[in-house]
Structure formats: structure tokens, C-alpha cells
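The values are calculated or read from the model by the stated rules, or taken from the named source; none is laboratory data. Just so it is clear, the model here is predicted, and its values are computed rather than measured. With ideal geometry, Cβ positions are generated from the backbone for all residues, glycine too; neighbour counts draw on all protein chains shown. Each accessible area value is taken on the protein alone, full model and side chains, heavy atoms only, with ligands, DNA and RNA left out. Shrake-Rupley method; radii C 1.70, N 1.55, O 1.52, S 1.80 Å.
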Amino acid sequence: MNKNYSFLSLLIVALINSVSGQPWVQNDGIFNPSGIPSLTFSQPRFADLDNDGDPDMIIGNTSTQPYYLVNSGTPSAPAFMTGDDIFADVSPLDAEMGVFCDIDGDSDPDFISGGFTGLNLFTNIGDVYNPEFVKIEGFFDGLVTGYNPVPDLADVDDDDDPDLVVGFSENGIIKVYTNSGSVYVAMFSEENIITIGDVGLYAYPVFCDIDNDLDQDILSGRDDHGFIFYRNLGTPQNPDWQPDDVPFQNLGNETYWNSPDLVDMNDDDKYDLVFGTYSGPLNYYVNTGTSEIPVWQVNATLFGGVMDVGSASNPFFHDYDYDGDFDLFTGSQLGDIKYYENTGTPTGPAWNENSAPFVSLKHSIYSAVTVGDVNGDSLPDAIVGDLSGNLYCHLNNGSDFILDPALLGTVNLGSWSAPRLVDMDGDGDLDIVAGNENGVLTFLENQGSVLSPLWVTIPGFFSGIDVGSNCVPSLADIDFDGDHDLVTGDLFNEVQYFENNDGNWFENNELLQGISGGQNATPALCDLDGDGDPDLTLGNYNGTFNYYTNQKLIVKIPNHFTGSKLIIQSPYPNPFSQSVNITCEILTFCDITLNIYNQFGKEVHNRLWYNRIPGKYSYEWDASSLTPGIYFIQLSDGINNQVMKVIRRK
């Protein structure tokens, strides 16, 4: 066992799950303070589903059934939290999105959805407080709406029954179907339609009386930037919808595939705008003007804060700015390298994106990045993989990243390379572990030095590990035995743990049981809460991040062993900022050894006192030159070792 890790063998590592379930607790709030999920092709729609007088929200998407969030705030101050799974029996093929309307006249909201199977009706067999939806087969069979139509309903012709607007995905046409039935039995047909216009592709229309003139206007998103607004210049009985660019000009120009809804979010009798996007985050604009002349002011608080790289997030953590906490790097589908500075603390991260200095790291799509000082100049360098299967080493000269083709220029892993820098063999320099599209791992050992890397492929190092497709590795000493263990992600949502036992890899199906990533799960192990054990962050194809805090319990041995020649008092102060006092009482003549290790098991300080006489001793350890974080103090009398944990704060 590596001597730098020997003290860890003296810790009692107890898994909480040995008696009460798994040690991982999901807490995505670290990457999404609002708690509102970011779902690909998000389509928010609003209705009062619990009859408490404020608008609740569902988010349609391409990944799952619509996601329900209940409004736990008030009509003037909304707050959203995950609601009951009211769509548990709704197939995602039937409902990529949906809206609510009392279509059968029984005074509760029914669910009208659009999905791969076309338009569908789910009648509410619950009540106005607790909805429960059952599919009515064939209700819209007479309509030719194609795949993934987008519906909305409102009383267009002022006859007290709901009419239907549909946006078409294949051609971008918007049609209104007038209801020839009644408030109790709705009837729609291809004979009673009005074609409104063509927005290009993927029309996302909603009804709204934006100008408060008692007729229904139509706002539509599309497969493009911005919105198309049709103002009703006629009457309810004789509608005349005409394009009007003014009310929503310059909105949604930074995003595309915008899917809007208009809802009075602050109880001021004016419509506000909420819209989803291809990449997922919701956008919210408050109307601070009037109904006739809206003025839109962005509100980034209610739905803001979610970290989303667009697609194919692939996280890696490194203390890039040397301030004692871990910063976040990630690849993306478009190949851009994103950087989020940790502006929080070692125990409570907060993120601020500053990706501009890393634009030169882009090579191709589906990028992955790893960061570390590979040439001993105290500047963090970057190695990038991407869809090509190549590895690109960029050396940091203090002002820019310069590609060095002599390093790794001949390495190609086939496709979709995902590298990670790690000192795998404990020789003080950085090796590379990389996954690829075929689902296997490659180990490139640094056979050069700390100052001059020379990476050489070691065949068979990960013999027997094949996760199927799109393997992304992350390494850390999960079981505290002094070597690096392995967590992998793959194309099919799986997250697997392989325990390192003297260089042999054994899959452990229990440790991560119940954890499932999104498509293309990309793990990163890093202690983000400062408790001394590695936590788990997962990227995914949606572009967001999930976080699982590691609730393993590290319990230090008692301060006084039977037969020990030492009695150790708790270090003071703890936490400390610059230095900490280590105090002990020696019971009999002995040699005393002090070793101090950081949270990764690397020795950072040591002292030896020969043949000390009995008595009390105090030693002040000055840690001002070290980064903030967790440190382990080990005192030994030659027979017994005693370990204490201290925390150096900023």
C-alpha cells in the first residue's frame, strides 16, 4: 500500500446504507437553485390544476411524460415545486406536450396532448383538486394533424364551447378547428377549419387575448428564433388573424424552438410570457406595460439559475484558480468547452460561467475535457477529446492555451474520446484514462516526468471492462483503501462502479444501485461539500447536471487506545484559517511521529521527535501556504496511530 495512504487504513469507513439504504442522496439544487428542471425541447403550459386560485405548470419535453409542478406560492408571488406524478399513466408517445381545458363540461380540467401518436384526449376522472387522467381512444381520429401536433383551446367564436388551434410539426402550418358540438360533447372536423398561417416548421401556437379586446389572438413559436404573433382584427364571430411583429419583437432571438405560453403570473390582469427552448431552460418575461402596449422585462429569478450547456454535458472538476475550491469544466454537443468558476466555498459551491478564455480548446462536436498541470509549471493545462477520437493537449502559457501536436498527436481512440487526467500509478505525474464510443477504456501511462510528459498506451490495463457504448470514466478512492476506483457512464443511462483491488477491477453492483443517469451519462467524482469523501456529479445528453452527495460516514478512531503512549486533545481552532494547535500528553518515553495529509491522501507535512519524556506537548502547524480544504493529522507512538480531521478555511 502506498505510504501516503497508510493512515487511511486506520479510519473506520462505515456506509450509512449498511443499515438504512444507499449512501447517495440526490440534491440537484447545487446546479439548479430554482428547482425547475431543464428538459430538452421544453414546452411550459399553465393551468390551475389544484383549484387554489394560482397557475400550476406542466413542462412538455422530448424525454419523458410532461412534468408537473405545483404552484406553492400565491397568485401574485408564484413558487413552483415538483407535484404529484399525475402523468404516470400517460405514454410519452401520446404526450410530448399538452394543455388543459374542460372539454366535457364537468367543471374539471381535462388534458389534451400532442405527441408522436397525434392528438389525444385524457379525460379527468378525478376532480378539480386532484386530477386523474384516462385516455379516450380515438377522440381526434377525424383530424389529420400528423406527428407531434401542438394544441391549445379557447372559445374563439363566443359560443361558450372550446375551439381548437393546432400547430403542425411537418410544415409549420397553424389551423383553427371550430367546435361544432357543445360544451359537453366537443366535435372537431376537417370541414370546420381556418388556416392562420405558416411559421416554417414546428409551429407552437397558443391562444391569448393579449390586447384585452375580447377576441382571441394567437402567439406561436417555431423551429427558428423569435415568435410569430397573429392579432385578431375581426370579431369573435368573424375572426381575421393578421401578422403583427410589434408586440413580441426582439424576444426569443437568443434561443430557438421557442414554445410559449401567456399567463398572468403576478396577478395584475395582464399576460406575462413564459417560453421553453430546444436546450431546456425556461424564459420568463413580465409585462410591465399595458395590455394594449406590452413592455417586456426579463425575470431571471423564478426559473433562473439552472446550469445547462445545451446538450451533452461532460463534467470535470479542478481548482483552476487555486482558491481552494473546485471549479467546473464541461464539454458540450457543439464542441465548446464551458468553464464555471466556483465563487462559493469548498463546502458550498456557487457557479459563475466564464467560458471565453477557453474558446481555443474547441476541435469538433461532442467534446470532453480534463485539466491538470502536465508540465510542472504550476499552470493548469487541458486535454480535449471529441467525436473524432483524437486527444488534443493544450499547454497553458499564462495567457492562452497552445496546442502541442507532439503530445498525444498520434493517439486516436476510434471515436468519441473522453479523457481524464489522474496520477494512476502514484509516481507524482499525471497519467490519462480515456473512454470511447466502443465502451472500453484506455490507460496512457506518463513514462516521462512531472516536467516533460510522455504518455504510453498500456494494453490490458482495464482488461474485462466494457460498458457497451460511449464510456466516460471518473476515478477516485471511493473505498478509502489507497488506490483509485472507477465509475463509468454509458450511452444507455447506466452508471457503474468498478472497485480496484491491487490492480484488478471488480464490478460492484450495490454501491450505485438506484442511480441512473440520463442518456450518455457522464460521471465526475469530486468532494463538493468538503466532508472528505467523493461526491458524484452526472452530466447527460440533455446538457444539465445531477448531483449526488456521498453520505458515507468517516469515523476517526478513539483518541485513546488501550496501551497507547499518547492522549491527544482535539486540535484547536477547528476549522482554522492559518494555523492549528496540536496538543498531546505523552504517558511514557517514546518517539513521536507527526504526519499530515490532504483529502487525497498526499502527505503535506511531517515531524519526528525522538525519545520524548512524559508530559504535555503542543505544536503549532502553519498551513498558510496550503489551499483551504480538509486535512488529516496523524500522530504515532511507534505502535498506535491516532488520526484527527481538521478543516482549513479561506
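The residue that is farthest from the chain's Cα centre (by Cα), counting only those in the stretch 19-69 that are assigned to a loop (DSSP other than H, G, I, E, B) and of a type in the set (A, V, I, L, M), is Leu49.
For the stretch 582-603, which positions are surrounded by fewer than 17 Cβ atoms within 10 Å (Cβ to Cβ) and either assigned to a strand (DSSP E or B) or touching a Ser or Thr at 6+ places or on another chain (Cβ under 6 Å) (or both)?
Start the filter on the stretch 582-603 by keeping residues that are surrounded by fewer than 17 Cβ atoms within 10 Å (Cβ to Cβ), which leaves 583, 585, 587-589, 591, 593, 600, 602-603.
If the condition is that a residue be surrounded by fewer than 17 Cβ atoms within 10 Å (Cβ to Cβ) and either assigned to a strand (DSSP E or B) or touching a Ser or Thr at 6+ places or on another chain (Cβ under 6 Å) (or both), then Thr583, Glu585, Asp591, Thr593, Glu603 are the ones that fit.
Tell me, yes or no, whether the stretch 338-351 has at least one residue that is at pLDDT 95 or above and over 29 Å from Arg649 (Cβ atoms). No, every residue in the stretch 338-351 fails to be at pLDDT 95 or above and over 29 Å from Arg649 (Cβ atoms). Scanning the stretch 428-462 for residues that are touching a residue at least 12 places away in the same chain (Cβ under 8 Å) and either of a type in the set (Val, Ile, Thr) or surrounded by fewer than 15 Cβ atoms within 10 Å (Cβ to Cβ) (or both) yields Gly428, Ile432, Val433, Val440, Thr442, Ser449, Val450, Leu451, Ser452, Val456, Thr457, Ile458. At least 1 residues being open to solvent by 30 Å² or more (accessible area, probe 1.4 Å) is the threshold, and among the strands (runs of 3 or more DSSP E) wholly inside the stretch 75-129 those reaching it are 80-82, 97-101. Restricted to strands (runs of 3 or more DSSP E) entirely inside the stretch 264-360, those with at least 1 residues that are under 18 Å from the mean Cα position of the chain (by Cα) and either buried (at least 22 other Cβ atoms within 10 Å of the Cβ) or small (Gly, Ala, Ser) (or both) are 272-276, 283-287, 314-318, 327-331, 338-342.
Take the stretch 604-635 and flag every residue that is among the hydroxyl-bearing types (Ser, Thr, Tyr) and part of a loop (DSSP other than H, G, I, E, B).
So in the stretch 604-635, the residues among the hydroxyl-bearing types (Ser, Thr, Tyr) come out as 610, 617-619, 624-625, 627, 631.
Passing the criteria: Ser624, Ser625, Thr627.
Is at least one residue of the stretch 363-373 among the β-branched types (Val, Ile, Thr), open to solvent by less than 50 Å² (accessible area, probe 1.4 Å), without any contact (Cβ under 8 Å) to a residue 60 or more places away in the chain and touching a Cys at 6+ places or on another chain (Cβ under 9 Å)? Checked the stretch 363-373: no residue is among the β-branched types (Val, Ile, Thr), open to solvent by less than 50 Å² (accessible area, probe 1.4 Å), without any contact (Cβ under 8 Å) to a residue 60 or more places away in the chain and touching a Cys at 6+ places or on another chain (Cβ under 9 Å).
The set of residues in the stretch 252-274 being of a type in the set (Ser, Thr, Tyr) and closer than 22 Å to Asn61 by Cβ consists of Thr255, Tyr256, Ser259. Those strands (runs of 3 or more DSSP E) of the stretch 131-227 in which 1 or more residues are closer than 17 Å to Trp257 by Cα, in contact with a strand residue (DSSP E or B) (Cβ under 9 Å, 6 or more places away or on another chain) and open to solvent by 40 Å² or more (accessible area, probe 1.4 Å) occupy 173-177, 193-198. Summed over the stretch 311-352, the residues that are in contact (Cβ under 8 Å) with a residue 60 or more places away in the chain and among the charged types (D, E, K, R) give a count of 3. Annotation: of all residues in the stretch 432-465 being out of contact with any Lys or Arg (no Cβ under 6 Å at 6 or more places or on another chain), of a type in the set (A, V, I, L, M) and part of a strand (DSSP E or B), the one that is nearest to Ser378 (Cα to Cα) is Ile432.
Being farther than 21 Å from Gly29 by Cα and among the aromatic types (Phe, Trp, Tyr): is that true of Tyr366 here? Against the criterion (farther than 21 Å from Gly29 by Cα and among the aromatic types (Phe, Trp, Tyr)), Tyr366 qualifies.
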